[in-house]
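Data first, discussion second: the structure below is written as structure tokens.
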Amino acid sequence: MANPLLSRRSFVALSAMLPWALPSRAATAIPVGLELYSVREALARDPQSTVRAVAQMGYECVEFYAPYFQWTENETKQIRKLMDDLGIRCYSTHNDEGYLSPKNLGRVQDMNSILGSRYVVQASSEPKTTIDSWKTVADNLNMVAEKLEAAGLHVGYHNHDPEFRPINGVRPIEILAKNTKSSVMLQLDVGTCLEAGSDPVAWIKANPGRIRSMHLKDWSSTPGKGYSVLLGEGSVDWKNIFLAAENGGGVEYYLVEQEGSRFSEMETAQKCLKAFREKHSS
């Protein structure tokens with residue numbers, strides 16, 4: 001964690017390279033944030049400066065991913081103070097599968113409580129080839145949910161494309177949805193769902209109230225593009241995604257996510273936020 005002086009100097013240097021002025025917050029009832037994996041190189045160099053720059057763009061919340069688990073308690077408190085000063089929130093964190101083990105769960109609970117999170121999201125699962133192995137994942141999510149809900153936290157699961165690829169005719173994501181408590185959030189990664197050949201809108205409608213957050217990641221079937229397109233440049237039907245999410249899906253906040261694009265990390269994040277606002281208001 002950078003000290004305050006370094007953070008200030010790094011932020012000034014970083015801001016000088018960014019082609020935008022401080023905009024007003026998005027006029028939407030549903031906050032839009034950034035999954036910080038999108039700016040992972042900047043985050044690794046200087047977490048505080050990166051969070052400041054993201055807030056300056058106009059994002060209303062952030063989602064920290066796995067490296068946050070290595071912070072000290074004091075570093076975590078510094079980040080929380082920074083977010084409070086900036087007026088942004090951390091509604092959820094992304095966690096490796098092993099973080100939700102009995103050995104690590106207490107630390108996850110403590111750190112997410114400091115950050116002010118609502119949800120502790122399992123970011124993925126190790127590859128599995130049987131339906132029963134996915135049922136085991138569901139069982140663990142239920143166990144973790146029972147423990148964390150007593151502390152005011154909820155559990156979520158984030159899909160990648162394997163969860164939407166059938167095993168003996170059944171998609172693993174359906175096993176997870178059917179075998180977990182309704183309080184377990186199904187955090188939809190739109191792009192990976194589409195890339196796997198599934199319909200994100202149909203999935204949202206099939207699971208009312210459980211799609212409480214979404215990773216807004218576009219995808220293109222054009223060879224060589226894939227996830228490298230900006231939000232709005234790919235194949236996602238954003239209009240109907242937003243309609244379904246906000247009319248039964250239960251979405252509480254959106255999260256832009258980028259694997260990488262032809263622009264720098266920070267330019268990519270800014271361009272995707274602009275595109276989100278245009279798509280969401282149309």
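The values are calculated or read from the model by the stated rules, or taken from the named source; none is laboratory data. If you're wondering where the values come from, they're calculated on a predicted model, not measured in any experiment. Cβ atoms come from the backbone with ideal geometry, glycine included; neighbour counts cover every protein chain shown.
Summary of values
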read-out: Residue satisfying condition, being within 18 Å of the chain's Cα centre (by Cα), under 21 Å from residue 145 (Cβ atoms) and of a type in the set (A, V, I, L, M), within set 115, 105; value: 115
read-out: Matching residues in segment 102-130 - criterion: being loosely packed, with under 15 Cβ neighbours inside 10 Å and under 30 Å from residue 169 (Cβ atoms); value: 126, 127, 129, 130
read-out: Residue within segment 126-134 that is closer than 19 Å to residue 66 by Cα, modelled with pLDDT of 95 or more and not in a loop (DSSP other than H, G, I, E, B) present; value: no
read-out: In segment 224-250, the residues that are surrounded by 23 or more Cβ atoms within 10 Å (Cβ to Cβ), within 17 Å of the chain's Cα centre (by Cα) and in a loop (DSSP other than H, G, I, E, B); value: 231
read-out: Qualifying residues in segment 29-38 (those that are of a type in the set (A, V, I, L, M) and crowded, with 23+ Cβ neighbours inside 10 Å) - the one farthest from residue 77 (Cα to Cα); value: 34
read-out: Hits in segment 204-232 - residues which are touching a strand residue (DSSP E or B) at 6+ places or on another chain (Cβ under 9 Å), among the aliphatic types (A, V, I, L, M) and touching a residue at least 40 places away in the same chain (Cβ under 8 Å); value: 204, 211, 214, 216, 231
read-out: Selection within segment 146-158 - more than 19 Å from residue 65 (Cα to Cα) and under 21 Å from the mean Cα position of the chain (by Cα); value: 149, 152
read-out: Residue selected from segment 55-87 under the condition β-branched (Val, Ile, Thr) and crowded, with 18+ Cβ neighbours inside 10 Å, by the criterion farthest from residue 36 (Cα to Cα); value: 76
